1. Return yes when M38 is of a type in the set (A, V, I, L, M, F, W, C) and open to solvent by 80 Å² or more (accessible area, probe 1.4 Å) and no when it is not.
2. Which is modelled with pLDDT of 85 or more, in contact with a helix residue (DSSP H, G or I) (Cβ under 7 Å, 6 or more places away or on another chain) and open to solvent by 50 Å² or more (accessible area, probe 1.4 Å), of L116, L102, L109?
3. Could you check, for region 57-66, whether at least one of its residues is assigned to a loop (DSSP other than H, G, I, E, B) and either polar (S, T, N, Q) or over 24 Å from L15 (Cα atoms) (or both)?
4. Which residue out of L102, L94 is aliphatic (A, V, I, L, M) and either assigned to a helix (DSSP H, G or I) or touching a residue at least 40 places away in the same chain (Cβ under 8 Å) (or both)?
5. Just one of V51, V85 is among the β-branched types (V, I, T), modelled with pLDDT under 80 and over 18 Å from F152 (Cα atoms); which is it?
6. Which of (1) among the hydrophobic types (A, V, I, L, M, F, W, C); (2) open to solvent by less than 50 Å² (accessible area, probe 1.4 Å); (3) under 24 Å from T81 (Cα atoms) is the odd one out, the single condition F31 does not satisfy?
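The values are calculated or read from the model by the stated rules, or taken from the named source; none is laboratory data. All of these numbers come straight from a predicted model, not from anything done at the bench. Every residue, glycine as well, gets a Cβ built from its backbone with ideal geometry; the counts of neighbours run over all protein chains shown. Keep in mind that these areas ignore ligands, DNA and RNA; they rest on the heavy atoms of the full protein, side chains included. Shrake-Rupley method; radii C 1.70, N 1.55, O 1.52, S 1.80 Å.
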Amino acid sequence: MSDTTPAIEDPHTPLDRTYAAIATTSKYITFAAIVAMMVVMVVEVFMRYLVQQPLGWNISLIENVLMPGLVFLGLPYAYSTGAHVAAELVYDRLGPTSQRMLDWLARSLLVLTSILLIYAGLQITVTTFMTGEIPPPLSSEILIPAWIWRTFLPI
């Protein structure tokens, strides 16, 4: 199996097909975020050093929108291809019972952590939506409502 294809090669169940679609979508969003960061930084260098007019909002875009999008929306693809951190050297030397227990523990922790992240992300998103939080005028922040870019966490 190639490292660029999701682990679910021939999805049979609707859940498998859904997960494969999420992983594929995640891959393209992650690639788009990387390309967008590159383009923004090249434009910033051009504007700062050749035109003498820095953009000002580039850091805000990268740290508030592109990096969270890259990290949180890239997780499904990384998990589906096995690109996440793993201790295979130790795991492979354990017996089948120990491996099953560790698999169960890891999946349980993954579900619990996901639930907590979704809950916290929804709380932050709803709070910023209800308060109408936006960056102050004339700041270097992008003047879009904060809840828009904070939706990456619960998604």
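1. For M38, the condition - of a type in the set (A, V, I, L, M, F, W, C) and open to solvent by 80 Å² or more (accessible area, probe 1.4 Å) - is met.
2. Just a single option satisfies the conditions, and that option is L102.
3. Yes, that holds for at least one residue.
4. Every option except L102 fails the conditions.
5. V85
6. (2)
Here's the yes/no breakdown for (1) touching a His at 6+ places or on another chain (Cβ under 7 Å); (2) farther than 30 Å from S114 by Cα; (3) in contact (Cβ under 8 Å) with a residue 24 or more places away in the chain; (4) crowded, with 18+ Cβ neighbours inside 10 Å:
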residue: A20; (1), (2), (3), (4): no, no, yes, yes
residue: M47; (1), (2), (3), (4): no, yes, no, no
residue: L50; (1), (2), (3), (4): no, yes, no, no
residue: G56; (1), (2), (3), (4): no, yes, yes, no
residue: I59; (1), (2), (3), (4): no, no, yes, no
residue: L66; (1), (2), (3), (4): no, no, yes, yes
residue: L70; (1), (2), (3), (4): no, no, yes, yes
residue: L73; (1), (2), (3), (4): no, no, yes, yes
